[in-house]
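The values are calculated or read from the model by the stated rules, or taken from the named source; none is laboratory data. Every value quoted in this text rests on a predicted model; they were computed, and no experiment measured them. Don't worry about glycine lacking a Cβ; one is built from the backbone with ideal geometry, like all the others, and counts go over all protein chains shown.
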Amino acid sequence: MSYSLINGIVSDELAMALKRILILGGYGNFGKRIAEGLANQAGAEIIIAGRNLALAEQIARELAKGKCLAKIQAVSVDIQNPDFQETLVRLAPGLVIHTAGPFQGQDYKVPLACIAAGCHYLDLADDRRFVCDIVTLHEQARQKNVLIVSGASSVPGLSSTVVDLYRNEFSQIDKIDFCIVPGNKTERGVATIQGILSYTGHAYRVYTNGAWKNTYGWLSPRRLDIGGALGKRWLANVDIPDLELFPSHYAPVRTVRFQAGLELAVLHWAMVIMALLARSGLVRNWANYVKPIYSMSNLFNGFGTDTGGMQILIRGIGHDKQMKSVKWTLVAKNGIGPYVPTLSVIILAKKLMNGELSYSGAMPCLGMYTLEEFDQIAAGLGIYHTTEITTG
């Protein structure tokens, strides 16, 4: 796939337009953090948008009280309204950031409206089909000279950035095995839980030992000693876009595995049991019960820690023809874990505003920034990572 260049140097008029940013779901768990991360951009206009105008106005007021260099406003926007595209044209943003999940089951109404309105688009989607199939909009986006990026989040945004950094350590990558482990006391959103529940106990395809095979959401439980501040955590299967994107992007990798886990064993194993019930056909879709499940999980908020993280293990053959492993571990303490999924979007938004992204089209977020750019923001939040390289 080829990407066309955005013509010439960014004009003053275009630069101003790119600094007008509409955040859909701007008062949600991730949206408010993205708004906070962009509020220090002088000359930027940030529009907090969502169905609940009162909540949007509350976040706008809170941002204005802080060290805010951007202009902040709040508007009521419902992406399900038939007049959504007209509303988008009227608001005239240069960039739309879509955080209003869950993305499971969503169509491309929002990115298509952005293409029609001639504005760029970023999202935090974690749904496999939504992210992987965004390329179907490539020609439409290229013709309108806009950038449409899906999955600008921990996966595949950050995960691909890490693998890209270390892929040159290998003559061949055999396995990419990674996980995300949030702290139990960390703030979580209903949409995220609903997304996970939608595939709990359901089959999806994974690339294992050079072949595509079925696995099941929130099954294959295991306990992994991640080490350091994260210690031992329970893991289980979770479906993400990387499982489909990485086998071709990092070919000839033979195995790609991703799991996630809940810090409290009681909650983790409750999810495993729920997965077994769904696999047996006794429950069709646990996402239909997200509200009571979310409420029950909140009863355990006083237990566990506020420390979460992410680990990526890359195994293969080094250039010396010896077996080699790279283990990259990220740690987020003090409840700052929910900032991690937002950093890819913040990085790309700033690059767009600064005229540093010179291609158009529609694509998943694969290797679109460097780990150094990630660290420039993450370090200020207290997010850190370590790397361990072993041979033999």
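Please state which one of T136, T99 is within 19 Å of I23 (Cα to Cα) and modelled with pLDDT of 95 or more. Of T136, T99, the one residue that is within 19 Å of I23 (Cα to Cα) and modelled with pLDDT of 95 or more is T99.
The rows are residues; the columns are (1) hydrophobic (A, V, I, L, M, F, W, C); (2) assigned to a strand (DSSP E or B); (3) closer than 30 Å to G302 by Cα.
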| position | (1), (2), (3) |
| --- | --- |
| S220 | no, no, yes |
| I226 | yes, yes, yes |
| W234 | yes, yes, yes |
| P247 | no, no, no |
| V256 | yes, yes, no |
| E263 | no, no, yes |
| V266 | yes, no, yes |
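Can you tell me which residue in the stretch 331-362 is nearest to the chain's Cα centre (by Cα), limited to those that are of a type in the set (S, T, N, Q) and surrounded by fewer than 21 Cβ atoms within 10 Å (Cβ to Cβ)? Explain how you work it out, then say what you get.
Just the residues of the stretch 331-362 that are of a type in the set (S, T, N, Q), to begin with: 334, 342, 344, 354, 358, 360.
Then drop every residue that is not surrounded by fewer than 21 Cβ atoms within 10 Å (Cβ to Cβ), which leaves 334, 354, 358.
On the way: N334: 20, N354: 22, S358: 22 Å.
Among those that are of a type in the set (S, T, N, Q) and surrounded by fewer than 21 Cβ atoms within 10 Å (Cβ to Cβ), it is N334.
Residues satisfying the criterion are present in the stretch 105-124 (criterion: surrounded by fewer than 17 Cβ atoms within 10 Å (Cβ to Cβ) and either at positive phi or within 13 Å of the chain's Cα centre (by Cα) (or both)). Look at the stretch 144-171: where a residue is on the phi < 0 side of the Ramachandran plot and assigned by TED's automatic domain parsing to the domain that holds H319 and a partner is surrounded by fewer than 18 Cβ atoms within 10 Å (Cβ to Cβ) and part of a helix (DSSP H, G or I), sitting 6+ places away or on another chain with Cβ atoms under 7 Å, you get T161/L371; V162/L371; L165/L371. Could you say whether any residue in the stretch 220-228 is free of Cβ contacts under 8 Å to residues at least 60 places away in the same chain, among the acidic types (D, E), in contact with a strand residue (DSSP E or B) (Cβ under 8 Å, 6 or more places away or on another chain) and on the phi < 0 side of the Ramachandran plot? Yes, that holds for at least one residue.
The criterion of being within 13 Å of R188 (Cβ to Cβ), touching a residue at least 40 places away in the same chain (Cβ under 8 Å) and small (G, A, S) does not hold for G261. When A287, A275 are checked against the criterion of being farther than 14 Å from E187 by Cβ, assigned by TED's automatic domain parsing to the domain that holds H202 and at pLDDT 95 or above, A275 stands alone in meeting it.
To keep it simple, each residue is scored yes or no on (1) farther than 30 Å from R142 by Cα; (2) touching a Leu at 6+ places or on another chain (Cβ under 9 Å); (3) of a type in the set (D, E, K, R).
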| residue | (1), (2), (3) |
| --- | --- |
| H319 | yes, no, no |
| V326 | yes, yes, no |
| S344 | no, yes, no |
| L348 | no, yes, no |
| A378 | yes, yes, no |
| Y384 | yes, yes, no |
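Could you list, in sequence order, all residues of the stretch 56-67 that are buried (at least 19 other Cβ atoms within 10 Å of the Cβ) and farther than 21 Å from Q106 by Cβ? If the condition is that a residue be buried (at least 19 other Cβ atoms within 10 Å of the Cβ) and farther than 21 Å from Q106 by Cβ, then I59, A60, L63 are the ones that fit. Residues in the stretch 210-221 that are more than 14 Å from F258 (Cα to Cα) and in contact with a Lys or Arg (Cβ under 6 Å, 6 or more places away or on another chain): G210, W212.
Out of all the residues in the stretch 363-381, is one or more small (G, A, S) and buried (at least 22 other Cβ atoms within 10 Å of the Cβ)?
Quick first cut of the stretch 363-381, residues small (G, A, S) only: 367, 378-380.
Those left that are additionally buried (at least 22 other Cβ atoms within 10 Å of the Cβ): none.
Within the stretch 363-381, not a single residue is small (G, A, S) and buried (at least 22 other Cβ atoms within 10 Å of the Cβ).
Scanning the stretch 67-96 for residues that are β-branched (V, I, T) and within 19 Å of N52 (Cβ to Cβ) gives I72, V75, V77, I79, T87, V96.
Could you check the stretch 80-102 and list, in sequence order, the residues that are in contact with a strand residue (DSSP E or B) (Cβ under 8 Å, 6 or more places away or on another chain) and either under 17 Å from K32 (Cα atoms) or surrounded by fewer than 19 Cβ atoms within 10 Å (Cβ to Cβ) (or both)?
Taking the stretch 80-102 and keeping what is in contact with a strand residue (DSSP E or B) (Cβ under 8 Å, 6 or more places away or on another chain), we get 88, 91-100.
Listed by number, the residues that qualify are L91, A92, L95, V96, I97, H98, T99, A100.
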